[in-house]
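Here is the structure we will look at, set down as structure tokens.
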Amino acid sequence: MDSVSVIVVTFNSRAHFPRLKAALEAQSMAARLLVLDNASRPDQRPTPADFPAGTRIVQMSENTGFARANNAAMAMVDTPLVALLNPDAFPEPGWLAALIAAAERTPEAASFGSTQISAEKPSQFDGLGDCYHVFGIPWRGGYGWPSSTPAPAGSIFSACAAAALYRREAWLAIGGFDESFFCYCEDVDLGFRLRLAGWSVMQIPAAVVHHIGGASSSVRSDFAVYHGTRNRLWTFVKNTPAPAFWYLAPCHAAATLFLLARAIGQNTWWATLRGLIDGVKGLGPIWQARRTIQRQRRAASADVLAAMTWSLKALRTRAPVVR
């Protein structure tokens with residue numbers, strides 16, 4: 001219990017509390033639990049009765065976004081290992097123990113991802129680690145794939161923060177989530193920066209959670225599309241190491257235009273366009289952040305690029321990329 005904390009950031013999530021409480025109480029390993037509510041409506045805010053005994057509950061006065069809320073919570077704990085868990089992600093009893101065991105046997109890794117099974121469609125995976133195409137397009141590997149397929153183990157690009165374990169020292173050293181992202185893609189950006197700092201990221205098959213996904217905001221909502229589009233651009237610009245950045249920038253631009261054209265058919269073109277426009281407008285601070293990140297980079301460009309994929313088929317089929 002003294003080695004690990006679990007952070008749950010909630011936002012109008014009361015419907016999930018009973019199942020989440022039962023899942024947390026069933027864990028085979030004890031942990032400190034911190035619940036930070038991100039200014040939910042009064043009737044949606046957590047109470048001590050909603051969580052296991054001893055849970056610390058912190059109430060925010062405003063919705064600061066997923067990124068800032070988790071950074072704030074991380075500053076409130078002092079254990080060397082910290083797990084992030086979404087309120088709509090329900091872990092199986094051995095989830096936390098499997099993540100801790102992986103951290104103990106893989107000291108070179110700073111982050112550990114879970115096997116996510118769809119809580120609504122148990123026959124499908126919800127995710128097997130976050131993947132990243134060299135053109136600057138991230139996706140959740142294995143999303144929608146049959147959950148009867150053996151979950152892979154190995155190195156991934158980044159861990160999906162819906163259910164992931166982090167070394168607190170590594171998190172703090174690189175500044176945690178980028179709070180300008182607010183939400184969406186902040187975990188991919190974090191995984192990118194961990195790799196640039198010389199850490200690896202691992203996917204752990206035995207750490208299983210059942211995830212609803214999109215509980216706070218619909219997956220294809222204007223909110224999700226806007227932030228996903230803007231933050232995807234910022235992630236690529238901030239983190240892609242030179243000289244690859246200059247070769248891949250035209251490819252990223254072409255991929256972005258393709259996604260904008262596709263959004264017309266999906267009726268999400270306006271949110272996509274707004275995200276792209278605001279992303280471009282916000283490139284000043286992002287470029288400044290890039291200078292700092294690249295100056296402090298410890299990993300070789302080739303090693304960072306090796307964690308990505310060139311496969312358009314993998315991107316198209318949402319294939320997991322686990323090495």
GNM result for the chain, Cα springs below 10 Å: residue of PRO52, PRO205, PRO243 fluctuating most strongly: PRO243
Cα gyration tensor, region 4-211 - rounded (a/c under 1.5), prolate or oblate: rounded
³J(HN,Hα), Karplus 6.51/-1.76/1.60, whole Hz, each residue of region 283-293, x for Gly, Pro: 6, x, x, 5, 5, 5, 5, 4, 4, 5, 4
Amide H within-cut-off set for SER200, under 5 Å, with H built and near neighbours excluded: ALA109, ALA110
Fluctuation leader among SER200, SER118, SER180 - the chain, Gaussian network, Cα springs under 10 angstrom: SER180
Region 35-149 shape via C-alpha gyration tensor axes, a/c threshold 1.5: prolate
Rounded to the nearest 20 debye, dipole of region 222-298 from Cβ charges on Lys, Arg, Asp, Glu: 420
More than 18 angstrom apart: percent of Cα pairs within region 222-298: 42
Region 99-114 - phi-based ³J(HN,Hα) in whole Hz, Karplus 6.51/-1.76/1.60, Gly and Pro as x: 5, 5, 4, 5, 5, 6, 8, 10, x, 7, 9, 9, 8, 9, x, 9
Residues in region 144-187 that a label on THR106 would reach, taking backbone N under 13 Å of a point 7 Å out along Cα→Cβ: 152-160, 164-167
At R0 = 35 Å, FRET efficiency that the Cβ-Cβ distance of PHE223 and LEU172 yields, to 0.05: 0.75
Theoretical ellipticity at 222 nm over the chain - DSSP helices of four or more residues, -39500 (n - 2.57) apiece, nearest 500: -12000 deg cm²/dmol
Net lengthening on full extension, GLU120/ASP278 (0.36 nm per residue, minus Cα-Cα): 53.5 nm
Hz values of 3J(HN,Hα) by residue in region 147-160 - Karplus curve (6.51, -1.76, 1.60), Gly and Pro given as x: 6, 6, 6, x, 6, x, 10, x, 7, 10, 5, 7, 8, 6
Residue among GLN27, ALA307, GLY129 farthest towards the positive dipole end of the chain, charges placed on Cβ: ALA307
Charge tally in the Cβ shell below 13 Å around GLN124, where Lys, Arg are +1 and Asp, Glu are -1, GLN124 excluded: +1
Cα-centred dipole magnitude for the chain, charges only on beta-carbon of K, R (+1) and D, E (-1), debye, nearest 20: 880
For the chain, built as a Gaussian network whose Cα springs stay under 10 Å, the top-fluctuating residue of ASN239, ASN71, ASN267: ASN267
Alpha-carbon centroid distance for the pair region 5-80 / region 274-323, whole angstrom: 30
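Where a number appears in this text, it was derived from the coordinates with a stated rule and is not lab data. Computed from a predicted structure; not experimentally measured. Every residue, glycine as well, gets a Cβ built from its backbone with ideal geometry; the counts of neighbours run over all protein chains shown.
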